[in-house]
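The values are calculated or read from the model by the stated rules, or taken from the named source; none is laboratory data. Computed from a predicted model, the values in this text were never measured in an experiment. Cβ placement follows ideal geometry from the backbone for every residue including glycine, while neighbour counts extend to all protein chains displayed. Calculation scope for accessible area: heavy atoms of the full protein, side chains included, ligands and nucleic acids excluded. Shrake-Rupley method; radii C 1.70, N 1.55, O 1.52, S 1.80 Å.
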Amino acid sequence: MKKFLIAAMLGGLLGVVVAPQLAAPLLAKETDQAQTYKQLELFGDIFDRIRAQYVEEVDDKRLIEAAINGMLTSLDPHSSYLSPDDADDMRIQTRGAFGGLGIEVTQEDGFVKVITPIDDTPAAEAGVEPGDFITHVDGEGLLGLTLDEAVQLMRGPVGSEIVITVVRESEPEPFDIKIIRDTIKLTAVRDKTIGESVVMRVSTFNDQTYPNLEDGIEKQIEAAGGIENINGFVIDLRNNPGGLLSQAIKVSDAFLEKGEIVSTRGRAPEDGDRWNARAGDLAQGKPIVVLINGGSASASEIVAGALQDHRRAIIVGTKSFGKGSVQTIMPLAGDGAMRLTTARYYTPSGRSIQALGVSPDIIVEQPRKDPSSLEDEAAEEAGAMRSEADLRGSLNNDSLSEADRDQIEQERARAEEAAKLRDDDFQLSYAIDLLKGLSAIQPAQ
């Protein structure tokens, strides 16, 4: 009987202790919900007062859209509300043709920052550079506007002129750039061969990227007379702002035989995903150099990170942009959509590049051309020393056949072409020289 009483007392005491522990989370949850409802009531009150008392009559739809967009943009620079027109524009962009200036922008500390101008677009031709800050559009300041509002100011009819005011780190004062709006038709991949190196310039990741890449590589291999006549591939991802995750995975898979390409991790463990490479290498084992810079973002960084972690490519250039997040486009009622950051992505080694970027294996800056140095170069060339062949009465080299002389002339022409490329694009020239060096020490396949 005594034991029973003691047990009953213990049970009562445990009930006293455990009950508050179970009730506390429930009370906290109810309190949070009550606070949320109070905030929603506050929103409704402000909405009604604006409609009734603002100095000018306002459009209810615009007010609500602005409130929704404000809620999303407060999360991070890449989450936003897309009106029906904006959602339609985004669908068109992923197919590779749209109207505008041809720049990819983000927002930093309230300012509009250029991630990169897109190849062969009005912005690129006008001289807009990665890292530029756009402060005004046609004299109207952008500070205080949302990113979407700033982008709307930059949009306009094809053929119309826009003047953007730019702040650039290398320039002491802000300056204006005039741009004529045009229809932007993106060529996702351009291919060419320089010497024995195939250069694949990937400017964006849309629906056409992987098909263009595959066709371009096949075309260049055929033009070279076979893979044995190619010493390697340069994948140029400089100023590539990214695009579709699916295309970044396909491009990475194009050069990997196996292993992880990229993984994503959301807030909940079950929201994560992982993609692995399948057998097949479009480069057929040849060396690869990937070029990146501060304008290489998102999908570009997935490709560079995957090939770097698997030691399939040497990464050359400067640190990439550092956009390591994944945005999901969610359709909404009324044909609008929501672009929401839903996950971070990780390279095969498990590193997140968010705000850090991909660091090159070899840092190579693109030197700025000083106009005053052109005169010095011309004077140096004019006063260059003559060779032995220029001396009067010099001996002829009669040990060479006509075929030998032709080969020497061809090698000299290739060397001169490489020297010219160093002036035009030093980073690309470095990548090609690197492939040439790698092929010189590799055993014949």
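Here's a check for you: in the stretch 269-286, which residue that is in a loop (DSSP other than H, G, I, E, B) and either of a type in the set (S, T, Y) or in contact with a Lys or Arg (Cβ under 9 Å, 6 or more places away or on another chain) (or both) is most open to solvent (accessible area, probe 1.4 Å)? Give the derivation first.
In the first step, residues of the stretch 269-286 are kept if they are in a loop (DSSP other than H, G, I, E, B); the result is 272, 277-286.
Next cut, either of a type in the set (S, T, Y) or in contact with a Lys or Arg (Cβ under 9 Å, 6 or more places away or on another chain) (or both) only: 272, 277-279, 281, 283.
Numbers: G272: 34, A277: 16, R278: 169, A279: 89, D281: 27, A283: 0 Å².
Out of the qualifying residues, it is R278.
Taking the residues in the stretch 46-59 that are in a helix (DSSP H, G or I) and in contact with a helix residue (DSSP H, G or I) (Cβ under 8 Å, 6 or more places away or on another chain) as candidates, determine which candidate is most open to solvent (accessible area, probe 1.4 Å). Steps first, please.
Filtering the stretch 46-59 down to residues in a helix (DSSP H, G or I) leaves 46-53.
Subsequent filtering for residues that are in contact with a helix residue (DSSP H, G or I) (Cβ under 8 Å, 6 or more places away or on another chain) retains 47, 50-51.
Numbers: F47: 38, I50: 59, R51: 120 Å².
Selected residue: R51.
Only residues that are within 26 Å of the chain's Cα centre (by Cα) and either at pLDDT below 85 or charged (D, E, K, R) (or both): list them for the stretch 416-445, please. Reasoning before the result, please.
Narrowing the stretch 416-445 to residues within 26 Å of the chain's Cα centre (by Cα): 421-435.
Passing the criteria: L421, R422, D423, D424, D425, D433.
Collect the residues in the stretch 173-232 that are in a strand (DSSP E or B), acidic (D, E), surrounded by 13 or more Cβ atoms within 10 Å (Cβ to Cβ) and modelled with pLDDT of 95 or more, keeping them in residue-number order. Working first, answer last.
Filtering the stretch 173-232 down to residues in a strand (DSSP E or B) leaves 175-180, 182-185, 189-194, 197-202, 205, 232.
When the remaining residues are screened for being acidic (D, E), the result is 176, 182, 191.
When the remaining residues are screened for being surrounded by 13 or more Cβ atoms within 10 Å (Cβ to Cβ), the result is 182, 191.
Within the stretch 173-232, just D191 meets the criteria.
Being part of a helix (DSSP H, G or I), open to solvent by 90 Å² or more (accessible area, probe 1.4 Å) and in contact with a helix residue (DSSP H, G or I) (Cβ under 9 Å, 6 or more places away or on another chain): is that true of F43 here? Spell out how you get there, then give the answer.
On the way: part of a helix (DSSP H, G or I): yes; open to solvent by 90 Å² or more (accessible area, probe 1.4 Å): yes; in contact with a helix residue (DSSP H, G or I) (Cβ under 9 Å, 6 or more places away or on another chain): yes.
So F43 fits the description; yes.
Assuming N240 fulfils every condition listed in (1) assigned to a loop (DSSP other than H, G, I, E, B); (2) surrounded by fewer than 24 Cβ atoms within 10 Å (Cβ to Cβ) apart from one, which condition is it?
(2)
Checking G266 against (1) buried (at least 20 other Cβ atoms within 10 Å of the Cβ); (2) modelled with pLDDT under 95, which single condition isn't satisfied?
Tallying (1) buried (at least 20 other Cβ atoms within 10 Å of the Cβ); (2) modelled with pLDDT under 95, G266 fails exactly one: (1).
Which members of the stretch 135-150 meet the condition of being within 23 Å of L186 (Cα to Cα) and touching a Leu at 6+ places or on another chain (Cβ under 7 Å)?
Listed by number, the list holds a single entry, A150.
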